[in-house]
Amino acid sequence: MQKGIKFRIYPNREQKNFIHQTLGCCRLIYNRGLAMRKESYEEGKKIGYTQTSAMLTELKRQEEFAFLKAADSIALQQSLRDLDRSFVNFFQKRASYPTFKSKHNRFQSYRTVNQKDNIRIVGRYIKLPKLGFVKIRQSMEVGKINHVTIEYTPAGKYFAVLNIDFEPEPRPNAGGTIGIDVGIKAFYSDSNGNTVSNPRYLERSMRKLIREQRRLSRKQKDSHNRGKQRLRVARVHEKIANQRNDFLQKQSTMLVRENQTICIEDLNVKGMIRNQPQAGYRLYCLSKVHTYPDPDVSLSHRGF
């Protein structure tokens, strides 16, 4: 089996520049491939990965796009693979129609494949194609690395997501049976009479988020200070997301260790949020009046 493991990496200045150059090259190839497929569809032609890959080869031969030769060639090919997979998911009605990528998207990433052991962990460093050895914070041992995805987050952090092979090991549990009823006032209630309260991490950080967001709105557009303030706002959002993820991981791990059978109701959370206009109105009240209406009216921040 395969699974993904996410580690934070600490590239130096030159490595950061190369990562952003590779992200830009992958974004360019993806967008040109998408434009090519759209134009061909309008002309009644059918093309796929093979034709877009030939387009990439032709671009590299042009002097105008000579900078593509410096980027990781596998990462460029993988961006076209992602585009082809996006169309497959669209035609099978698993996703919407592919859209053009922008450098202003929240998450930027590119993927490269391990060939001839060119991706490996050596001590406190990970060797990556074209980047060399990058410092990594490794929290667990890894097996064979198949490919790695380099991510750049809105908070200005860099991560390496390793796809590795592993053999799952069965873990003993208490053998219990439990039913879960997800709620609004409480996070969930179980059939044993236990109730887990909702941590409401967004509400705890709302005042700080409003303060940092207002400071951002006062900064001059495209200024260096605005860029630094944007990172501060992103870090507040990142902290909230990390707190929610940590809470969910701990609760799910506890339930799995204590029970063999877990029954949970099937909720259409997206539909519930879509039919509840109060969720958006509540954020408006928080940003304008600094008062806290009934926190139980918002479904979008329950951390389901």
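The values are calculated or read from the model by the stated rules, or taken from the named source; none is laboratory data. Treat the numbers as computed from the prediction; the structure is a model and nothing was measured. Virtual Cβ from ideal backbone geometry, glycine too; neighbours counted across all protein chains shown. Ligands, DNA and RNA are excluded from the accessible area calculation, which covers all protein heavy atoms including side chains. Shrake-Rupley method; radii C 1.70, N 1.55, O 1.52, S 1.80 Å.
Side notes on the structure shown:
- Applying the Kirkwood pairwise sum to the alpha-carbon positions of region 21-173 produces a hydrodynamic radius of 17.4 angstrom.
- Full extension of the segment from Q62 to E203, taken as 0.36 nm per residue of separation minus the current Cα-Cα distance, would add 45.4 nm.
- Per atom type, region 169-224 shows carbon and sulfur on 45% of its accessible surface, probed at 1.4 Å.
- Shape call, region 191-276: gyration tensor on alpha carbons, a/c limit 1.5: prolate
- For region 221-265: rounded, prolate or oblate by the Cα gyration tensor [a/c cutoff 1.5]: prolate
- Heavy-atom accessible area for S139, with the other protein chains in place and a 1.4 Å probe, reaches approximately 100 Å².
- Hydrodynamic radius of region 69-116 per Kirkwood, over alpha carbon pairs, in Å: 12.4 Å
- Net charge of neighbours whose Cβ lies under 9 Å from the Cβ of A160, counting Lys and Arg as +1 and Asp and Glu as -1: +1
- Percentage relative contact order, region 22-117, counting C-alpha pairs under 8 Å, at least six apart: 40 percent
- Considering only K208, K93, K103, the Gaussian network model of the chain with Cα springs below 10 Å gives its largest mean-square fluctuation to K93.
- Over the chain, the reciprocal of the mean inverse Cα-Cα separation, the Kirkwood hydrodynamic radius, stands at 23.2 Å.
- Counting only heavy atoms of the protein chains and using a 1.4 Å probe, V256 has close to 90 Å² of accessible surface.
- Relative packing of 126-136, 214-224, 244-254, which averages over residues the other C-beta atoms within 10 Å, highest first: 126-136, 244-254, 214-224
- Translational diffusion coefficient of region 126-198 (Stokes-Einstein, Kirkwood radius from Cα pairs, 10 °C, 1.306 mPa s): 94 µm²/s.
- Counting only Cα atoms, the size of region 25-69 along its three principal axes is 32, 17, 16 Å, in decreasing order.
- Contact order normalised by residue count of the chain, Cα under 8 Å, 6+ apart, percent: 18 percent
- Paramagnetic reach from D165 in region 74-117 [backbone N under 16 Å; point 7 Å along Cα→Cβ]: 114-117
- Solvent-accessible area per residue, Å², over the chain with all protein chains present [probe radius 1.4 Å]: 64 Å²
- The long axis of helix 224-258 is offset from the longest Cα principal axis of the chain by roughly 60 degrees.
- Rounded to the nearest whole Hz, the Karplus-based 3J(HN,Hα) values (6.51 cos²θ - 1.76 cosθ + 1.60, θ = phi - 60°) of region 160-177 follow the sequence 10, 9, 9, 8, 10, 8, 7, 10, x, 10, x, 10, x, 9, 6, x, x, 10, with x at glycine and proline.
- One chain, two ends: S217 and K135. Fully extended at 0.36 nm per residue, the span grows by 26.0 nm beyond their Cα-Cα distance.
- The F90 and M55 beta-carbon pair, evaluated with R₀ = 25 Å, returns a calculated FRET efficiency of approximately 0.80.
- Rounded FRET efficiency, nearest 0.05, which uses the C-beta distance separating N245 from S189 and R0 of 25 Å: 0.70
- The amide H of H147, built 1.01 Å from its N in the peptide plane, has N114, N163 as neighbours under 5 Å, considering only residues 5 or more places off or on other chains.
- Given a 1.4 Å probe and the protein chains as shown, K60 ends up with an accessible area of around 50 Å².
- Calculated FRET value between T99 and R257, using beta carbons and R₀ = 35 Å, to 0.05: 0.25
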